[in-house]
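Student: Have a look at this one.
The values are calculated or read from the model by the stated rules, or taken from the named source; none is laboratory data. Given the structure is predicted, the values throughout are model-derived calculations rather than measurements. A quick note on method: Cβ atoms are made from the backbone with ideal geometry, for glycine too, and the neighbour counts reach across all protein chains shown. Please note that ligands, DNA and RNA were not included when accessible areas were found on the heavy atoms of the full protein model with its side chains. Shrake-Rupley method; radii C 1.70, N 1.55, O 1.52, S 1.80 Å.
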Amino acid sequence: MNKALIFMTAVLLFAFFGAAAEEQYFTICEIHDYVMEALPDGWQESISTQWRTVEIKTPVLVPDVDSMPVLALRVNTDDMLDLSVLPGNGWSMPDKDQRTPGYIKVSRKADESKPDYSRMKIRSDHYYTPVDMNRCLSGFQGRSLQKLADEIRIPLELAACGRYTWDFSHPYDVMVNVYTDEASGASIEGYVNYLVYQTIEGIPLISHIGDYLPYDLPRWENRLWPRSLMMGLDAYGGMSFLYGQLEGSVIADDVPLAGFERVCETLRRAVEDGHIRKILQMRLGYAVMDLNDLDSNASGYRGVTRPIWHADIWWLRKGTSEMKADDPEYETNDYGKMECARIAIDAQTGEIIGIAGSSAPEQKKNAALWQYNGYPGWKDVRGK
């Protein structure tokens, strides 16, 4: 091989491997379209390790929006609710002295035909992401979970007046209480409760980043910890909802995100190392970081959004360890196991930020994990 050909081959190899190694970035719209087209049934893969084969059958949720902005967040403590705008009668709120600023809590009493559930045995059935909203409940005249949720949305959206929005299509926990008369053995579904993320710019606001760390954060009285919408109803007209009044101001119009495969690589490594035994769900959304800028705090902004992949997983510290057997006297579910943990992955780098749970790994405290110091923008990554 002559020198010119050797040189040209070297150039081509360098270009090929350099392009392969270069980090690629995507918009949230591109990631959404990829997941919808390439993974209509979620991430499905068999991963062999030296101890076992782990089956990945994971639902993946990505918001259907055009951009993922960075937003400063604050609690709106000014909004109050006029109960007269709500349909029907019997609505009430806690006494003024008991209200938490920035939160709205409203309830309506059930009619007098409601059974005395306190005399019955109660079982709470939980349904997690993705919830089958077409599930019908005989205790509610055969109405579906979707139909019941829509009934609560009517007064809720009147109360919110369009100022706040939630991801109603993807509740992350739906609890159905089943009541059993121990004398007759008859059972009936009597109460349904939904937990739903608030959305900002169409993107779910999942939690503060501290929820993914295996230690308590330093005390800071101005820390903004988002609260999910809780809404429930019984079969006799009783209804309630509780929500936080968070609002945002755009800091950056859009930020670049690592590709979904980059995120999978990170989780795949943890599976191969023997830590992850199951991935229950993955969801792209926002965590909240602390905003310490004094100018922003003067306007009440105390938090800032951070793009993350949230995942619920089974995590063990050693590859040789086995999952603990369930207590036969205490029924549990996939989310109730001792090994169940929350994991946050940086949506811009694809790397793990933190893992929280009883079996989570030790992690050193690092203020950069919870304090906002800016994020790479499109100009930064395109300039590399």
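Student: Restricting to the range 358-377, name every residue that is of a type in the set (Gly, Ala, Ser), part of a loop (DSSP other than H, G, I, E, B) and either within 20 Å of Tyr286 (Cα to Cα) or open to solvent by 50 Å² or more (accessible area, probe 1.4 Å) (or both).
Tutor: To start, the set of residues in the range 358-377 that are of a type in the set (Gly, Ala, Ser) comprises 358-360, 367-368, 374, 377.
Now narrow it down to the ones that are part of a loop (DSSP other than H, G, I, E, B): 358-360, 374, 377.
Answer for the range 358-377, where residues must be of a type in the set (Gly, Ala, Ser), part of a loop (DSSP other than H, G, I, E, B) and either within 20 Å of Tyr286 (Cα to Cα) or open to solvent by 50 Å² or more (accessible area, probe 1.4 Å) (or both): Ser358, Gly374, Gly377.
Student: Now, a different point. Need pairs with beta-carbon distance below 9 Å; first residue under 11 Å from Leu205 (Cα atoms) and in contact (Cβ under 8 Å) with a residue 60 or more places away in the chain and within the range 302-314, second open to solvent by 10 Å² or more (accessible area, probe 1.4 Å) and basic (Lys, Arg); sequence gap 6+ or separate chains.
Tutor: Listed pairs, sorted by first residue: His310/Arg342.
Student: Which number in (1) free of Cβ contacts under 8 Å to residues at least 60 places away in the same chain; (2) hydrophobic (A, V, I, L, M, F, W, C); (3) open to solvent by 80 Å² or more (accessible area, probe 1.4 Å) marks the one condition that Ile154 misses?
Tutor: Ile154 satisfies every listed condition except (1).
Student: Across the range 187-200, what is the number of residues that are of a type outside the set (A, V, I, L, M, F, W, C), open to solvent by 10 Å² or more (accessible area, probe 1.4 Å) and assigned to a strand (DSSP E or B)? It would help to see each step written out before you state the result.
Tutor: Step one: filter the range 187-200 for residues of a type outside the set (A, V, I, L, M, F, W, C), giving 187, 189-191, 193-194, 197-199.
Remaining after also requiring open to solvent by 10 Å² or more (accessible area, probe 1.4 Å): 187, 189, 191, 193, 197, 199.
Subsequent filtering for residues that are assigned to a strand (DSSP E or B) retains 187, 189, 191, 193, 199.
Number satisfying all stated conditions: 5.
Student: Please work out which residue is nearest to Leu280 (Cα to Cα), limiting yourself to the range 31-51 and to residues that are open to solvent by less than 90 Å² (accessible area, probe 1.4 Å) and either acidic (Asp, Glu) or in contact with a Lys or Arg (Cβ under 7 Å, 6 or more places away or on another chain) (or both).
Tutor: First pass over the range 31-51, keeping only residues open to solvent by less than 90 Å² (accessible area, probe 1.4 Å): 31-33, 35, 38-39, 42-43, 45-49.
Going one step further and asking which of them are either acidic (Asp, Glu) or in contact with a Lys or Arg (Cβ under 7 Å, 6 or more places away or on another chain) (or both), we end up with 33, 42, 45, 47.
Numbers: Asp33: 21, Gly42: 11, Glu45: 13, Ile47: 15 Å.
Within the range 31-51, the match that is nearest to Leu280 (Cα to Cα) is Gly42.
Student: Moving on. Are any residues in the range 201-238 of a type in the set (A, V, I, L, M) and open to solvent by less than 20 Å² (accessible area, probe 1.4 Å), and if so, which ones?
Tutor: Ile203, Leu205, Ile206, Ile209, Leu213, Leu224, Leu229, Met231, Leu233
Student: For the range 318-346, enumerate the residues that are within 16 Å of Ile279 (Cβ to Cβ) and either of a type in the set (Lys, Arg) or part of a loop (DSSP other than H, G, I, E, B) (or both).
Tutor: Narrowing the range 318-346 to residues within 16 Å of Ile279 (Cβ to Cβ): 323, 333-335, 337, 339-345.
The answer is Met323, Asn333, Lys337, Glu339, Arg342.
Student: Which residues, counting only those in the range 52-97, are open to solvent by 90 Å² or more (accessible area, probe 1.4 Å) and assigned to a strand (DSSP E or B)?
Tutor: Glu55, Lys57, listed by residue number.
Student: Also, quick follow-up: For residues in the range 269-315 being assigned to a loop (DSSP other than H, G, I, E, B) and modelled with pLDDT of 95 or more, which is most open to solvent (accessible area, probe 1.4 Å)? Before the answer, list the steps.
Tutor: Start the filter on the range 269-315 by keeping residues that are assigned to a loop (DSSP other than H, G, I, E, B), which leaves 273-275, 291-293, 299-302.
Narrowing further to those that are modelled with pLDDT of 95 or more: 273-275.
On the way: Asp273: 90, Gly274: 2, His275: 45 Å².
It comes out as Asp273.
Student: In this structure, does Glu261 turn out to be in contact with a Gly (Cβ under 8 Å, 6 or more places away or on another chain), open to solvent by 30 Å² or more (accessible area, probe 1.4 Å), modelled with pLDDT of 95 or more and of a type outside the set (Gly, Ala, Ser)?
Tutor: Values: in contact with a Gly (Cβ under 8 Å, 6 or more places away or on another chain): no; open to solvent by 30 Å² or more (accessible area, probe 1.4 Å): yes; modelled with pLDDT of 95 or more: yes; of a type outside the set (Gly, Ala, Ser): yes.
Criteria not met by Glu261.
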